[in-house]
Every structure is written in C-alpha cells, then in structure tokens.
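First up is the structure itself, then whatever we jot down about it.
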Amino acid sequence: MDYLLTDEQKMLRDMAAKFTANEITPVAAEMEKAGRFPHDILKKAGELGLMGITLPEEYGGGGMDSVGYMLAMEEIGKGLASLVLIMSTHISLAAGSIHKFGTDEQKQKYLPDLCSGKKVGSFSLTEAGAGSDAAGLKTRAERRGDTYLINGTKQFCTLDPDCDNVIILFALTEPELKTKGISAFIIDKSMPGWRVGKKEHKLGIRTATTSELIFEDCEVPAANLLGEENQGFKYAMIALDSGRIGIATQALAVAKASIEAATEYAKNREQFGKPIAALQAIQWMIADMNTEYDASWLLTYRAALMKDQGLRFSREAAMAKLKASETASFCADAAIQIHGGYGYTEDFPVERYYRDARITRIYEGTSEIQRLVIALNSMK
Ligand code: CAA
C-alpha cells in the first residue's frame, strides 16, 4: 500500500523496521518466554524518538501523525507483539491523555520524560467488577483539601514496578453518578500509598507484564487531577478510541508475521515431491490470509487517517480493532496449519503468534464491545 503513504511515513516505517531487525527480533523469543519486561529495548526506542512518536516536538516528541505511528508500531510488533501493548499504552493512553486533557504544568512535568522513555506510562481503568462495564468501578477518590485520598484495587494494568511509572488512574469522585462521577488522575512514584499487587501469568504477550494495583489511602495532590472532575469516563472512552488503533496495529503485526512465516515455510517445505506452496490447498490459505490482512490494514489506515484529520473515529477504530484482531487469530491459526506438526512446537515462531493473537480480541474492549460501539455509532 506504499502508494497511500507520504515519504515521511515511509521513512519512519523503515527506521522502525531496522530497529526491529537489529534490536528486537534477535531477542524476542527468549524474552517472551522469560516474560521479561523489555527495559533495554524501551530505552533504545526512547533514544530513537519512538516513545513519543505522535507527541509534539516541543515536549520532545516526534510530531508524527497517526498513520506514521501505525506503520512504526506494526514493524515493531512483527518482531515482538507485546512491545506494541507497552508502547501503545504509553503513547496513546498515557502520554496522549496528558497531552489532550492536561494542564500546561502537567504537560511540562510529565511529557518530556514520557517522550524520552525515562518514564513509562500506564492506564488503569479495569477492576475485578469493571471490565466491559467500565463504569462499574469501585475505586474511590475523596477530596481532602489539596489532596485526593484514593482507595481501591485495579486489575490488568500493563506496567513494570521497576520503571519510573506514570499511571492514568480512573476513580469515583461522585459514586452515585456512575459515568458522570468518575475522575482521572495522574499517579507517579512520588505518591505514597500505592503498590503493585499480583502479577498475572498469561498465555502470551508476556514481556508486557500485567499486574494488580493496590491503592490504600494513596495521597494524590489535587494538581494531579487530569482535566475536569467527573469527566474521567469520557476521557477514558476518548483515549480508548486511540488505543484501539494501537491494538488493531498490534493485531496487524501478528497477522503479517504469520503470513510471512507461513509463506516462507510453504516455499521451502517439500511434500509429494514439490514445495507445498505449489499445492492449491496451501495457496487458498495464503490467498485468504492476505485478503483478510489487506482489509484489516485498510480499516486501520482509515481510522488513523480520520484521527489525523480531526474527525470523530470511534466507529472506525472499533471496526479496525474488531476486524484486525479476528484476522490475527485467523492468520496465526492458518500459519500453524501450513507448518503442520512443526507449527505446534516452540521451534517456529507461529505458536507464539497464535498465543499473542488471542488477547487482541479481548483487551481495550472485547470484540463484543467493538460490535456494540459500531452498532450504536452506526445508528446515530
Ligand atoms: N468519545 C467521547 N465520548 C464518549 C465515547 C467516545 N468514544 N464513548 C462514550 N462517550 C460518552 C457518551 O457520549 C456518554 O456521554 P453523555 O452521558 O454526556 O451522553 C458517556 O460517555 C457515557 O457513555 P455510555 O452511556 O455509552 O456508557 P456505557 O456505560 O453504556 O459504556 C461502553 C459504554 C462502550 C460499553 C464502555 O463501557 C466501553 O467501552 N467498555 C469497554 C471498556 C474497555 O475497553 N476496557 C478496556 C480497558 S484497558 C485494558 O484493556 C487493559 C490493557 O490495556 C491491557
């Protein structure tokens, strides 16, 4: 699809591809197996300007558009999909929210260190009883003079405690108002009263460590309220529209990596006296994988383009995430089928792609929630 891209976008994509080949691919399988948070890779990504790609240059960001971001994230995800979760959470959900809703002081305080990768951003909305029903959260933030006192337990937060964390946290300030009683806060390590709880053991996406967050009388300065009090739910939904472009891109990366691995294998694996790529049964699978991938790519590109043009893109981001995540699962499954028994072993990367694909249909809104968002926004 190069004919749709600007020279600047292609340059960014090529730079990310080179970074992936040199720094990510050689260590990806081992790091993912160990479930080790990729501190060194993120440091190098920060040095190259990849941790703040879409943030304005005045804060140390790259000033790139969302299409460029999508292209770079796809290249990185082809090497290691879990990096895209960390980087998309950091760039779109955390730094993006501070940039969109924060005060000048908050932007000056947090964005330069987020853009350089010195600090790592997270987003904490989900709770045990608030997943798809994001407004069902119980964590409380009570105003006490110049501070808010926060109590509650959050679930499934992408973060590593050894980072200098900056977390966008959602908590109830007016519990009886549900979606209109939720506020957003910027939490950092200087604030006493929060800690990382249980770490999850996951099927895939393991370098992006996922943990519980516990808040016990955590004192947050009122200056760290993000935007207006009680507007947090809307901020979360707006952030997730962008986040869904990131997850669609992660899914595209898994789909593309699956296609490349399956094609290469089919060209080299001989059965019945010829490469299996010469068999129509395999060719049809390759055709379907490529068709689903291209459709998903175009939907994601459209959502990113609409975001860049300042249009509302909730419906289009949901379509992109829905389609791309289902395509990732389809392509990873077909890639294993083409590899036969070898595809089920750790000797080939397709078993990792299969595991990594699965979560893209769940986090940042399940496929069912994406359908709900698409339906509601298509009937307005
Ligand atoms: N942009 C702007 N405003 C929006 C919006 C958007 N995309 N979506 C909703 N709103 C506004 C609505 O207009 C409404 O405002 P008014 O009351 O002023 O009209 C308000 O927000 C409430 O909206 P709804 O009535 O639609 O809210 P709801 O409670 O019915 O929920 C939902 C809607 C779509 C189901 C929502 O709860 C949702 O998206 N759920 C999924 C949550 C999700 O994606 N969670 C994943 C979190 S992060 C994660 O996965 C962890 C990780 O990163 C690894």
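The values are calculated or read from the model by the stated rules, or taken from the named source; none is laboratory data. Given the structure is predicted, the values throughout are model-derived calculations rather than measurements. A quick note on method: Cβ atoms are made from the backbone with ideal geometry, for glycine too, and the neighbour counts reach across all protein chains shown.
Structural remarks
- Flag if residue 308 is outside the structural domain of residue 80 (by TED's automatic domain parsing) and more than 30 Å from residue 100 (Cβ to Cβ): no
- Residue 368 being outside the structural domain of residue 25 (by TED's automatic domain parsing) and either assigned to a helix (DSSP H, G or I) or under 26 Å from residue 90 (Cα atoms) (or both): yes
- Tally of residues being more than 13 Å from the ligand (Cβ to nearest atom) and among the small types (Gly, Ala, Ser) across the stretch 188-208: 3
- Among the residues making up the stretch 80-130, those that are among the β-branched types (Val, Ile, Thr) and either in a strand (DSSP E or B) or crowded, with 24+ Cβ neighbours inside 10 Å (or both) are 84, 86, 89, 91, 98, 120.
- Count of the stretch 131-144 residues, restricted to those that are touching a Ser or Thr at 6+ places or on another chain (Cβ under 9 Å), within 13 Å of the ligand (Cβ to nearest atom) and either in a strand (DSSP E or B) or not hydrophobic (A, V, I, L, M, F, W, C) (or both), is 2.
Listed here are the residues, each with its yes/no results for (1) more than 16 Å from the ligand (Cβ to nearest atom); (2) in contact (Cβ under 8 Å) with a residue 24 or more places away in the chain.
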{"residue": "295", "(1), (2)": "yes, yes"}
{"residue": "316", "(1), (2)": "no, no"}
{"residue": "322", "(1), (2)": "no, yes"}
{"residue": "338", "(1), (2)": "yes, yes"}
{"residue": "350", "(1), (2)": "yes, yes"}
{"residue": "360", "(1), (2)": "no, yes"}
{"residue": "363", "(1), (2)": "no, yes"}
{"residue": "376", "(1), (2)": "no, no"}
{"residue": "379", "(1), (2)": "no, no"}
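- Here the stretch 234-264 is the region considered, the condition is being surrounded by fewer than 22 Cβ atoms within 10 Å (Cβ to Cβ) and within 16 Å of the ligand (Cβ to nearest atom), and the residue that is farthest from residue 38 (Cα to Cα) is 234.
- Close contacts from the stretch 227-252, counting a first residue that is on the phi > 0 side of the Ramachandran plot and a second that is within 11 Å of the ligand (Cβ to nearest atom), with Cβ to Cβ under 8 Å and a gap of 6+ residues or different chains, come to 227/235; 230/177; 230/180; 230/182.
- Residues being polar (S, T, N, Q) and either within 10 Å of the ligand (Cβ to nearest atom) or at pLDDT below 95 (or both) - total across the stretch 173-182: 1
- Among the residues listed as 170, 185, the single one being over 30 Å from residue 351 (Cα atoms), modelled with pLDDT of 95 or more, near the ligand (Cβ under 10 Å from one of its atoms) and touching a strand residue (DSSP E or B) at 6+ places or on another chain (Cβ under 6 Å): 170
- Just so you know, in the stretch 201-255 the residues that are outside any helix (DSSP H, G or I) and among the aliphatic types (A, V, I, L, M) include one that is farthest from residue 324 (Cα to Cα), and it is 220.
- Complete set of residues in the stretch 145-163 that are within 16 Å of the ligand (Cβ to nearest atom), hydrophobic (A, V, I, L, M, F, W, C) and buried (at least 21 other Cβ atoms within 10 Å of the Cβ): 157, 159
- Residue count for the stretch 280-315, restricted to those that are surrounded by 15 or more Cβ atoms within 10 Å (Cβ to Cβ) and not aromatic (Phe, Trp, Tyr): 18.
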